[in-house]
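Below: one structure, written as structure tokens.
The values are calculated or read from the model by the stated rules, or taken from the named source; none is laboratory data. None of these values were measured; they are calculated from a predicted model. Note that each Cβ is placed from the backbone with ideal geometry, even for glycine, and that neighbours are counted across all protein chains shown.
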Amino acid sequence: MINDTVEIVTKLLYEATRRRRICSLSLTDEPEPRIVHPYGLCQTNRDKIMIICWQEDGYAGTSRLPGYRNLSLMRCSTVELLDRHFLVRGDFNPADSSYQDWVFHVS
């Protein structure tokens, strides 16, 4: 059963993806938000739903910024649409074999 937070986060990410709005999103157990360009939600071959995004700023752990990220939808606790838009990168390929079943993605 999907909890209310996941449903709200999914709706906000859908809106942000559709309108190409940059977001601030927080994952549980991370000290600060991430600033991302949400490209869509994708189900993996292990039945996990991932947020596919380009991260420009914010918490990155040991990863370098900027760069693509696959973040767990189930760990996302908040999403805030910012007053900035993004352009889809030319190297983004939703047909790439690393993505399984899309829930939705930018076009």
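Summary table below
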{"quantity": "Residues of segment 60-95 classified as charged (D, E, K, R) and over 20 Å from residue 18 (Cα atoms), total", "calculated": "2"}
{"quantity": "Residue in segment 11-24 that is in a loop (DSSP other than H, G, I, E, B) and more than 13 Å from the chain's Cα centre (by Cα) present", "calculated": "no"}
{"quantity": "In segment 15-58, the residues that are touching a Pro at 6+ places or on another chain (Cβ under 9 Å) and either of a type in the set (Phe, Trp, Tyr) or under 17 Å from residue 100 (Cβ atoms) (or both)", "calculated": "39, 40, 42, 51, 52, 53, 54"}
{"quantity": "Residue list for segment 81-107, filter: surrounded by 14 or more Cβ atoms within 10 Å (Cβ to Cβ) and part of a strand (DSSP E or B)", "calculated": "81, 102, 103, 104, 105"}
{"quantity": "Residue in segment 25-38 that is surrounded by the most Cβ atoms within 10 Å (Cβ to Cβ), counting only those that are outside any strand (DSSP E or B) and either touching a residue at least 40 places away in the same chain (Cβ under 8 Å) or touching a helix residue (DSSP H, G or I) at 6+ places or on another chain (Cβ under 6 Å) (or both)", "calculated": "33"}
{"quantity": "Any hit, segment 39-59, residues being over 10 Å from the mean Cα position of the chain (by Cα), at positive phi, at pLDDT 95 or above and not in a helix (DSSP H, G or I)", "calculated": "yes"}
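Conditions tested, residue by residue: (1) without any contact (Cβ under 8 Å) to a residue 24 or more places away in the chain; (2) within 16 Å of residue 104 (Cα to Cα); (3) of a type in the set (Val, Ile, Thr).
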position: 10; (1), (2), (3): no, yes, yes
position: 16; (1), (2), (3): no, yes, no
position: 58; (1), (2), (3): no, no, no
position: 65; (1), (2), (3): yes, no, no
position: 72; (1), (2), (3): no, yes, no
position: 80; (1), (2), (3): no, no, no
position: 86; (1), (2), (3): no, no, no
position: 91; (1), (2), (3): yes, no, no
